[in-house]
1. Looking for whichever is loosely packed, with under 15 Cβ neighbours inside 10 Å and either in contact with a Pro (Cβ under 9 Å, 6 or more places away or on another chain) or closer than 30 Å to GLN187 by Cα (or both) here; the options are LEU69, LEU49, LEU84. Which one fits?
2. Only one of these conditions is not met by LEU76: (1) open to solvent by 10 Å² or more (accessible area, probe 1.4 Å); (2) assigned to a helix (DSSP H, G or I); (3) out of contact with any Gly (no Cβ under 8 Å at 6 or more places or on another chain); (4) over 18 Å from SER107 (Cα atoms). Which number is it?
3. Could you list all residues from the range 109-123 that are open to solvent by 40 Å² or more (accessible area, probe 1.4 Å) and over 13 Å from the mean Cα position of the chain (by Cα)?
4. Look at the range 87-96 and say how many of its residues are surrounded by 18 or more Cβ atoms within 10 Å (Cβ to Cβ) and in a helix (DSSP H, G or I).
5. Specify the residue that is farthest from ALA106 (Cα to Cα); the eligible residues are those in the range 1-27 that are open to solvent by less than 50 Å² (accessible area, probe 1.4 Å) and over 22 Å from the mean Cα position of the chain (by Cα).
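The values are calculated or read from the model by the stated rules, or taken from the named source; none is laboratory data. The structure presented is a predicted model; accordingly, all values stated were derived computationally and were not measured. FYI the Cβ positions are ideal-geometry reconstructions off the backbone, even for glycines, and counts take in every protein chain you see. We work out accessible area using only protein heavy atoms, side chains counted, and drop any ligands, DNA or RNA first. Shrake-Rupley method; radii C 1.70, N 1.55, O 1.52, S 1.80 Å.
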Amino acid sequence: MDTSERLIRSTQELLRDRGYVGTSPKAIQQHAQAGQGSMYHHFSGKPDLALAAIRRSAEEMRAEAEAALAHGGTALERIDAYLLREREVLRGCPIGRLAQDPDVVASEDLRQPVQETLGWLQERLAGVLADGVARGELPADLDTGATAATVAAVVQGGYVLARAADSVDHFDRAIQGVRKLLGAISQHRQ
């Protein structure tokens, strides 16, 4: 792994665990085992490196979500694959945590990939649900956009509940709850 890659990976980890303010250039350099000169050779400063790390986290989250949602099967089986995929729950969502970081949301540049990724996720979930409606698996009057927003909110909220209680059980309960709601919706097809 080259120095630039180590710096990006280290910044991803530190942003997720410490937030923007807690991710100092010195901490990044130590974590990446890179000198100050190397860091500033590859990036103009902390904001530039943080943006590269956030974009990388966004790409990785999209790829993981897409891998789950692209599986064959019914719409609900595809949503289930997304909901039940393996996660580091107690660390929180690498993108969702950034949406709660005041320094990230205050910066239009840093907020953009976070906003775009969460927007993409909702659109992708809505598309899967719309496929289910088109195939008669889900009710014709299902508001796919609102339902997709609910699924995304439950996942993000599940992370928050789990972290607050220091227990994955809270995340699992939230996921099971939304799965039951989706199952009840599918049973009421018109």
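1. Selected residue: LEU84, the only one of LEU69, LEU49, LEU84 that is loosely packed, with under 15 Cβ neighbours inside 10 Å and either in contact with a Pro (Cβ under 9 Å, 6 or more places away or on another chain) or closer than 30 Å to GLN187 by Cα (or both).
2. Against the list (1) open to solvent by 10 Å² or more (accessible area, probe 1.4 Å); (2) assigned to a helix (DSSP H, G or I); (3) out of contact with any Gly (no Cβ under 8 Å at 6 or more places or on another chain); (4) over 18 Å from SER107 (Cα atoms), LEU76 comes up short only on (3).
3. ASP109, ARG111, GLN112, GLU123
4. Count: 2.
5. Result: THR3.
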